[in-house]
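Heads up, the thing below is written out as structure tokens.
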Amino acid sequence: MTDRSLEPSPSAAGAPAVPAPLDWTLRPASPDDALWMAELRAVVMRPDLERLGRYDSHRVRRRFLDAYEARHTQVVLVGGEPVGLFAVRPEPGERWFEHLYLRSDVQGRGLGGQLMAHVLRRDDDARPFRLDVLQGSAARRLYERHGFVVEREDAVDVWMVRH
């Protein structure tokens, strides 16, 4: 049996095929998820970190594992299989949107935007959302489409906020 939601949609003559949207669900993360999540982070971030001259195989995993809090993290499932994660870390005056990592085979299908919309409409909390993204990362366009604006930046990171 083939999962048709993972197949490309038919395209118009000469137009590139557009993948079908994905049906996804969420589940709370557990401490047992930490290792595969750290590995996914390393794979997803590697191209941008290498471009910036900052990739370190051990450090990219260690930074995730040192900061991981299962209670703030959601696992993204497609067909019951984990394909990504994100976290929303509450602070007294703000919320940090962190760790939006998706497997490469589900990227480019609107899932990141759907997850952002889901998180941003979940409640009426007036605290701003904050995040940081690597310079030159394609993810910045996703965040800008969802109302995040640059607060400050340096040679490596861009800090963004959505009020």
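Read-outs throughout are calculated quantities, based only on the coordinates presented, and are distinct from any laboratory measurement. No experiment lies behind these values; they were computed from the predicted model shown. When we count neighbours, we look across all protein chains shown, and the Cβ atoms used for this are built from the backbone with ideal geometry, even at glycine.
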Would it be correct to say that R62 is farther than 13 Å from M37 by Cα and of a type in the set (K, R)? no
Note: among D125, D132, just one is in contact with a Phe, Trp or Tyr (Cβ under 6 Å, 6 or more places away or on another chain) and of a type in the set (D, E), namely D132
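Would you point out which residue out of E98, E81, E69 is of a type in the set (D, E) and under 24 Å from R145 (Cβ atoms)? If you could, list the steps in order and put the result at the bottom.
Values: E81 fails: under 24 Å from R145 (Cβ atoms); E69 fails: under 24 Å from R145 (Cβ atoms).
Just a single option satisfies the conditions, and that option is E98.
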Any residue in segment 139-153 that's surrounded by 12 or more Cβ atoms within 10 Å (Cβ to Cβ): show its pairings with residues that are in a loop (DSSP other than H, G, I, E, B) at Cβ separation under 9 Å, as long as the two are six or more apart or on different chains. R140/F148; L142/F148; G147/H163; E153/Q135
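Here's a check for you: in segment 133-163, which residue that is of a type in the set (A, V, I, L, M) and in a strand (DSSP E or B) is nearest to L49 (Cα to Cα)? Steps first, please.
Narrowing segment 133-163 to residues of a type in the set (A, V, I, L, M): 133-134, 138-139, 142, 149-150, 155-156, 158, 160-161.
Next, from what is left, pick out any that are in a strand (DSSP E or B): 133-134, 149-150, 158, 160-161.
Values: V133: 11, L134: 8, V149: 22, V150: 20, V158: 14, M160: 19, V161: 22 Å.
The residue in question is L134.
Can you confirm whether A38 is without any contact (Cβ under 8 Å) to a residue 40 or more places away in the chain and under 15 Å from the mean Cα position of the chain (by Cα)? Steps first, please.
On the way: without any contact (Cβ under 8 Å) to a residue 40 or more places away in the chain: yes; under 15 Å from the mean Cα position of the chain (by Cα): yes.
Yes.
Can you tell me how many residues in segment 115-132 are assigned to a helix (DSSP H, G or I) and under 22 Å from W159 (Cβ atoms)? Steps first, answer last, please.
Taking segment 115-132 first, the residues assigned to a helix (DSSP H, G or I) are 115-120.
Subsequent filtering for residues that are under 22 Å from W159 (Cβ atoms) retains 115-117, 119-120.
Residues that pass the stated criteria total 5.
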